[in-house]
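Engineer: There's a structure below that I have some questions on.
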Amino acid sequence: MSTLGGFAALFSAAACCVLPLAFAALGLGVGGLAAIVPYHWPLTIASTAALAAGWLLYLRKRRACKRDASCSVTRPSRTTFIMLCAATAFIALSAIWKTFFEAPLMAWFAG
């Protein structure tokens, strides 16, 4: 559930910067997503907090199962770990996108 929440937060944070360029490359219009631009940093912070909670729950479950051989809690799956890593990478990309990628790309496209 926390991984799903992290990806939902990631999508809303990335929607203002990453998705318009990706959709433009695909030929899809995304002018409506421009309304999300002022909320980039609050959404990035919220998605980071949701992801941190996901990591905390994941690590807590792993430690609980390491301490007790007869673990009554279901061990976290490998898929959860992979999804948390992917969400972390996407949030990091979203956080650095505007400064390191978008500004140079816009300057390059402007001529």
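Engineer: Using 7 Å Cα-to-Cβ label points, what is the residue 105/residue 92 separation (nm, one decimal)?
Structural biologist: Placing both labels 7 Å along Cα→Cβ, they lie 1.9 nm apart.
Engineer: Got a sec? How would 74, 44 order by Cβ neighbour count within 10 Å, fewest to most? Walk me through the intermediate numbers first.
Structural biologist: On the way: 74 8, 44 23.
Ranking 74, 44 by Cβ neighbours within 10 Å, fewest first, gives 74, 44.
Engineer: At 0.36 nm per residue, minus the direct Cα-Cα distance, what do residue 22 and residue 52 gain on full extension? Give it in nm, one decimal, please.
Structural biologist: Fully extending the segment from residue 22 to residue 52 adds 8.2 nm.
Engineer: What length, rounded to one decimal in nm, is gained on full extension from residue 39 through to residue 4, with 0.36 nm per residue of separation minus their alpha-carbon distance?
Structural biologist: Once the chain is fully extended between residue 39 and residue 4, it gains 10.6 nm.
A short reminder: the numbers here are calculations on the coordinates, not readings from a lab. No experiment lies behind these values; they were computed from the predicted model shown. Using ideal geometry, Cβ is built from the backbone for each residue, glycine included, and neighbour counts are taken over all protein chains shown.
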